[in-house]
Structure formats: structure tokens, C-alpha cells
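Have a look at the structure below before the remarks.
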Amino acid sequence: MRVRRYGRAALLVELEGTGEVMDLYRALSAAPPEGVIDLVPAARTLLVTFEPGRACFEDLARVVKSTDPAAATETAAGLVELPVSYDGPDLDAVAELTGLSRAEVVRRHTGSDYVVAFCGFAPGFAYLAGGDPALRVPRRESPRTAVPAGAVGLAGEFTGVYPRSSPGGWQLIGHTGAPLWDVDRDPPALLVAGTRVRFVEAES
């Protein structure tokens, strides 16, 4: 663990990987240190913002370093089920890359529970960790200029669902009609850090 200053009112915690970030995020969320305003997880870092006057970098750095990420326990976060039609243009490519049949790719993707590790790239885009290791595939060699909203994709250790049409290089295996981003909802994002997610095959 390495802690760096990040401006006058934040610190950036560097960790070994996504799992460690998620553990530290859960631990600090369960008992936020005095003066902390927000915790922003990413793939290998956790940004901690604080209110000057109520906390300082040195004190928060000591608290963070004394927190054992491995001691964090799973919280009773909400579960979101996303119905997916597995008709993505890269489903055959994923099957070939993994040595699995199309049906087995679907079975394994729906057979795991996921958790939102962090959000980024676009409003409402969540990076979901915890899938079957057999489905870890690289990004496409040539990204698409337009990926439709609701597309479900794989890239490395993550599954992601595109909340709106945008460029993207993930391997697309299906799509969902669930509204991932709605400005009239509180919060607007359906999937926020810590949310548990389960994919279910949509009825034809």
C-alpha cells in the first residue's frame, strides 16, 4: 500500500489490484474516518477526499495505513439482476478464444455473481468483477466507433454494460434493456460501487 497526496484535500491510495481496492473501500465505507467526504475506487487506486479543518493528510494517511483491507467483510449490498439476450457480435469470438461453446460461455457468464468494483469511462458505466476466470479475454484489436446502449461486454477481468451508445473495444456477448443511467433517478446510475449483480438469460 502506498499513500500519496492528491491536491490539498485528498489522498490517493495505491494498491496491488482490484480485490485489495474493493476490500479497503468496504472497510473505510463501513467506518469512515473523521472528515472524509468521499471514497472513489478504481482498478488499483482508491481516492479519499476530505474536508480541510476536520482532517489532514497526515492523520488520514495513518488511519488508512492501519486499516487491514483483508479484514473487510462482504456487505449486504443490493442485488441487481440484469436480463441479457446473448446475441452479441463477439460471442463466437469469445467462444473461440476460451475454447468453450457459445452455450457454455452463456452458462458461465450467468453462473457467477459479480460486484461493481468501480465506475468510470462514461456516466453509469460499471466495471464488474468476480466472473468466471475462463471468460477473461482481451479487448478487440480494433475498437468499434459505436457500441449500442445496453451492450454487455468482456475485457480482461471485467464485465461491463454500456449505458449509452459510445465507442468501445470490449468483446460484446449480448445486450440488456435495463436502464443503466437515468438522470431522474436517485442515484442516476443503476450500478454503483459495491452493488452485487447477477446476469440472467432473457426469455426469447
How large is the helix-only mean residue ellipticity at 222 nm for the chain, computed as the sum of -39500 (n - 2.57) over DSSP H runs with n ≥ 4, divided by its residue count, in deg cm²/dmol to the nearest 500? -6000 deg cm²/dmol
Please report the relative contact order for the range 2-71, taking Cα pairs under 8 Å with a sequence separation of at least 6, and give it as a percent rounded to a whole number. 37
Counting pairs of alpha carbon atoms under 8 Å apart in space and at least six apart in sequence, what relative contact order in percent does the chain give? 21
Of the DSSP beta bridges with both residues in the range 2-71, give the percent that are antiparallel, rounding to the nearest 5. 95
Which angle from 0 to 90°, rounded to the nearest 10, does the C-alpha axis of helix 57-66 make with the longest principal axis of the chain? 60
Taking Cα atoms only, helix 18-30 is inclined relative to the longest principal axis of the chain by an angle, in degrees rounded to 10, of 50
If I take every Cα pair under 8 Å that is 6 or more residues apart in the range 57-157, average their sequence separation and divide by the length, what percent do I get for the relative contact order? 20
What whole-number distance in Å separates the alpha-carbon centres of the range 4-25 and the range 128-143? 24
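Every read-out reported here was derived from the displayed coordinates using simple, explicitly stated rules and does not represent laboratory data. Predicted, not measured: the structure shown is a model, and the values here were computed from it.
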